[in-house]
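J.: Please see the structure below; I have some questions.
Values quoted throughout were computed directly from the atomic coordinates according to the rules given, and no laboratory measurement underlies them. Nothing here was measured: the structure is a model prediction, and the numbers come from that model. A quick note on method: Cβ atoms are made from the backbone with ideal geometry, for glycine too, and the neighbour counts reach across all protein chains shown.
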Amino acid sequence: KDRAALHQAMEQQEISVAKAGINATLKSRCSLLGAANPKFGRFDEFASISDQINMPPALLSRFDLIFPVTDRPDRARDTNLAKHILAVHTVGERMEQEGHAGGLHSDELEKIVKPSIEPEFLRKYIAYAKRSIFPVMSEEASERLKNYYVEVRAAARDSVPFTPRQLEAFVRIAEASARIRLSEVVGIEDVERAIEIVDYYLEKVGVDRETGALDIDIITTGISHSQKDKMKILTTIIKNICEDKEYASMDDIKEKAEEEGLDEETVKNMMSKMIRGGIIFEPRRGGYRLTS
């Protein structure tokens with residue numbers, strides 16, 4: 001119930017409330033940061049992200065940006081991370097020793113763990129930017145964003161890389177880029193930054209691994225265009241079999257699917273998705289029919 005209530009809040013930036021005969025609309029213009037652990041502890045880059053977290057695609061698609069946090073061995077990054085963790089531990093112990101000895105904390109020790117930007121200053125900076133800066137997109141930036149959106153959609157053959165929802169995300173990210181610079185104008189550099197960020201996130205979670213094409217359906221529905229084509233084939237097979245029989249057995253489906261170029265593993269995966277999606281049901285063990 002709570003998750004369903006987020007749909008309107010994230011899409012329209014408002015919430016409709018109807019209680020005790022009172023109908024009201026409340027503003028919900030705020031940022032939302034969500035976090036979720038993958039089902040098996042680590043993200044599988046070759047599987048749909050919607051299959052790996054317990055969040056419906058309809059809600060997942062309302063986030064402007066989605067980043068899977070992966071842990072890949074990287075010598076340089078791992079070295080820097082290990083140095084930082086060990087330095088923090090060492091500084092903490094030394095400062096504890098100095099405290100027990102009655103001495104003052106060394107400035108040199110604090111510099112090791114002190115962040116480049118003080119958290120308090122960063123909070124004030126962000127608060128000021130959100131409260132006082134309301135950038136307007138320039139004609140040049142607007143034209144660049146429009147052309148990019150149209151060109152990417154036109155270049156796609158079967159899949160849909162972007163929808164108007166992603167265009168709105170581009171605008172919000174570009175405005176955020178200008179706001180963090182305390183600029184009253186959304187310039188071309190802000191649009192380029194938004195394009196770079198959204199492209200990066202879509203390459204991580206919105207690419208059809210079978211075709212290599214951007215496909216926003218992977219995020220919005222959890223099913224890529226190529227998978228939908230396979231489901232259509234299986235739907236036709238089951239429909240044809242059920243014209244002569246009470247139900248379609250898995251063996252019959254596999255046999256017909258093989259003639260269409262679908263292997264056994266693909267058939268099982270697609271059948272599972274079709275059952276979860278309510279396209280087919282299993283009236284008896286090993287027998288399938290279309291729901292309509």
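J.: From the mean inverse distance of alpha carbon pairs (Kirkwood) and the Cα radius of gyration, derive Rg over Rh for the chain.
T.: Reported Rg/Rh (Cα atoms, Kirkwood Rh): 1.09.
J.: Sticking with the crude label model, points 7 Å out along Cα→Cβ, report the distance from E264 to V88 in nm, one decimal please.
T.: 5.0 nm
J.: What does the C-alpha gyration tensor say about the overall shape of region 130-220? Classify as rounded when a/c is under 1.5, otherwise prolate if a/b is larger than b/c, or oblate.
T.: Since a/c reaches 1.5 and a/b is larger than b/c, the shape of region 130-220 is classed as prolate.
J.: Also: Could you go through region 52-68 in sequence order and give the Karplus-derived ³J(HN,Hα) for each residue, using 6.51 cos²θ - 1.76 cosθ + 1.60 with θ = phi - 60°, rounded to whole Hz, and x for Gly and Pro?
T.: 9, 10, 7, 8, x, x, 4, 7, 4, 5, 7, 7, 5, 9, 9, 10, x
J.: OK, next. Take each of the peptides 19-31, 128-140, average the number of other beta-carbon atoms within 10 Å over its residues, and list them starting from the highest.
T.: 128-140, 19-31
J.: Between E189 and V152, what FRET efficiency comes out of the Förster formula 1/(1 + (r/R0)^6) with R0 = 25 Å and r the beta carbon distance, rounded to 0.05?
T.: 0.80
J.: Another question, then. Among A213, S292, P73, whose Cα lies farthest out toward the positive end of the dipole of the chain, if unit charges sit on the beta carbon of Lys, Arg (+1) and Asp, Glu (-1)?
T.: Towards the positive end, the residue furthest out is S292.
J.: Okay, moving on. I need the peptides 147-156, 209-218 ranked by packing, meaning the mean over residues of other C-beta atoms within 10 angstrom, with the highest value on top.
T.: Highest mean packing first, the order is 209-218, 147-156.
J.: Which lysines have a Cα lying under 29 Å from the Cα of K256, excluding residues fewer than 8 positions away in the same chain?
T.: Output for K256: K228, K230, K232, K239, K245, K268, K273.
J.: Among S159, S142, S272, which comes first, second and so on when ranked by fewest other beta-carbon atoms within 10 Å?
T.: S272, S142, S159
J.: Taking the beta-carbon count within 10 Å as an exposure proxy, list D158, D190, D244 from fewest neighbours to most.
T.: D244, D158, D190
J.: Same structure again: Compute the distance from the alpha-carbon center of region 243-292 to that of region 43-99, in whole Å.
T.: About 40 Å separates the Cα centre of region 243-292 from the one of region 43-99.
J.: Out of every Cα pair in region 225-290, what percent are spaced more than 13 Å from each other?
T.: On the way: 1241 of 2145 pairs.
That tail contains 58 percent of the Cα-Cα pairs.
J.: Students often forget the sequence filter, so: which lysines lie under 26 Å Cα-Cα from K124 once same-chain residues fewer than 8 apart are removed?
T.: Hits, sequence-local ones excluded: K27, K111, K114.
J.: Now a separate question. With each label point set 7 Å from Cα along the Cα-Cβ vector, what nm distance links A127 and R42?
T.: Calculated label separation equals 4.2 nm.
J.: Can you sort T221, T90 so the residue with the fewest Cβ neighbours within 10 Å comes first?
T.: Ordered from fewest to most neighbouring Cβ atoms within 10 Å, T221, T90 come out as T90, T221.
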